[in-house]
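**Student:** One structure, pasted below without further comment.
The values are calculated or read from the model by the stated rules, or taken from the named source; none is laboratory data. What you are looking at is a predicted structure, and each value in this text was computed from that prediction instead of being measured. We place every Cβ from the backbone using ideal geometry, glycine too, and count neighbours over all the protein chains shown. Accessible surface is based on the protein model in full, side chains and every heavy atom, while ligands, DNA and RNA are left aside. Shrake-Rupley method; radii C 1.70, N 1.55, O 1.52, S 1.80 Å.
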Amino acid sequence: MKKIATLCLLLLALYGHAQTNAELPPGILTSKAVMDRFMNLRFGMFIHWGPVTLRGTEIGWSRHREVPGADYDTLYRQFNPVKFNADEWVKTASEAGMKYLVITAKHHDGFCLWPSAYTDYNIMATPFKKDVVGLLAKACKKYGIQFCIYYSVLDWHHPEYPTDNIYDTTGAGIRKNAHIEKYVAYMKNQLKELVSNYDPYMLWFDGPWESVWTKEMALDMYAYLKTLKKDLIINNRLGKAFSGVDASGTATFLGDYDTPEQRIGDLNMNMPWETCMTICEQWAWKPNDKMKSLRTCIETLAKVAGGNGNLLFNIGPRPDGAIEPEQVVRLKEMGSWLKQYGAAVYNTHGGPYEPNPAYAATRSGNKIYLHVFEAAKGNLTIPALPGVKIKKAYLLKGGAVKLTVTADQLIIPLPAVLPDPNDTVVVLETDKPAISIAPIKNDKKK
Ligand code: FHN
């Protein structure tokens, strides 16, 4: 999958010609207040799902590859996820401490998980015949989870989309008789029915990297979507640049936030960003997929929050509609950790320390939360905070910490066995608002 992401970035670099938010009509960009509320959510569930799970191969990318196109495109006839239960999925997200949920309503393979009026290639053509998108939207409302939709710009199945998985010689390649303007009209019709019928909090676009999709189309689509719902949050994958900031820290992409994939984003106090990452290795379900350890899951969440970002953590439910029990357990374990340490994650800002292998930091009010992953010889030694007085230091879980302050260091003694092996949180209470402290760079990689 890393190869795929790299390939997508390469294509964007080749065909990018990125456009930026400055090219949008004035006043339509999502407001800072809306984005601040989104960033306070910190943690979301990403779900990649569709008939391809019957083969256990990657959604979209395995079409014309591990799975011959003709076979892939008829899987829907056998897709009958009788164990699908929207309430169960959403409760799993909620118990994990996740505050929003993004479902692949339509991935690169073009299959629609809702009864679209614009194609028969949708969930109602399966034996299952239930509106998965609608049921998830309803369950999210019931459990207070923000409902969001993933929609792929590229659509290798649609007859008017000019390419059909061109990355592989076995692919059908280029559709000579396709009309991209007809496909764009199809996209607008589908997005209008998704926004009107399911009222998503956010649209998570993907697949903007092919040259047939232009920056002009992206700008027009963003503006069009804003006529449907003013405060709709739109990620940066409608546009041609996947991510990036200029020297001033201003976003060099179109959209409301940056989307680093399968990696922890860099500390950025000026531009909203969200890391999307798989809990296993594949985005869609596959048998015996290798799942990340609890330590990796929690450390990733802490380092993303420490970078001032959100974590969109992906699961791939099975073809029968159930979520792998081991993934449910892992998510519950993350939820238990968040029950104790949520104050150090939700409604915080990242920093002032840049995340690094030993620790990360978040902050809120006059508190800095140090997320400690390792403490050499029982001490955590970190750079002093210029002009800041530490009034109190203690473990969030309870217990005073005897801080030593030198001219350039804070030395925090910790028990040889950290109270929480996944992430021990130390609270430093400061004499000024923690957000006023300038970020402290760290030359070590995250
Ligand atoms: O090609 C997709 C991939 O299948 C998956 O959906 C990821 C999730 O962010 N996005 C693209 C690769 O960058």
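**Student:** Scan region 133-154 and report the pairs whose first residue is closer than 19 Å to Asp231 by Cβ and whose second residue is modelled with pLDDT under 95 and part of a helix (DSSP H, G or I), with Cβ atoms within less than 7 Å and a gap of 6+ or a chain change.
**Tutor:** Cβ pairs passing all conditions: none.
**Student:** Residues that are of a type in the set (Ser, Thr, Tyr) and open to solvent by 10 Å² or more (accessible area, probe 1.4 Å): does region 63-81 have at least one?
**Tutor:** Among the residues of region 63-81, at least one is of a type in the set (Ser, Thr, Tyr) and open to solvent by 10 Å² or more (accessible area, probe 1.4 Å), which makes the answer yes.
**Student:** Just to be sure, is Ala407 at pLDDT below 95 and out of contact with any Asp or Glu (no Cβ under 7 Å at 6 or more places or on another chain)?
**Tutor:** Considered against the rule, which asks whether it is at pLDDT below 95 and out of contact with any Asp or Glu (no Cβ under 7 Å at 6 or more places or on another chain), Ala407 comes out as yes.
**Student:** Turning to a different aspect of this structure: Taking strands (runs of 3 or more DSSP E) that do not extend beyond region 272-384, which have at least 1 residues that are within 16 Å of the ligand (Cβ to nearest atom) and out of contact with any helix residue (DSSP H, G or I) (no Cβ under 8 Å at 6 or more places or on another chain)?
**Tutor:** Fully inside region 272-384 and qualifying: 274-278, 310-315.
**Student:** Quick one: how many residues across region 129-148 are assigned to a strand (DSSP E or B) and either hydrophobic (A, V, I, L, M, F, W, C) or surrounded by 23 or more Cβ atoms within 10 Å (Cβ to Cβ) (or both)?
**Tutor:** Of the residues in that region, 2 qualify.
**Student:** Within region 29-85, work out how many residues are within 18 Å of Ala105 (Cα to Cα), more than 20 Å from the chain's Cα centre (by Cα) and assigned to a strand (DSSP E or B).
**Tutor:** Total meeting the criteria: 1.
**Student:** To continue, here is another question. Would you point out the residue of region 234-269, among those that are more than 16 Å from the ligand (Cβ to nearest atom) and not in a loop (DSSP other than H, G, I, E, B), that is surrounded by the most Cβ atoms within 10 Å (Cβ to Cβ)?
**Tutor:** So the residue we want is Ala251.
**Student:** Okay, moving on. Which residue out of Trp213, Trp209, Trp156 is open to solvent by less than 30 Å² (accessible area, probe 1.4 Å) and in contact with a Cys (Cβ under 6 Å, 6 or more places away or on another chain)?
**Tutor:** When all the criteria are applied, what remains is Trp209.
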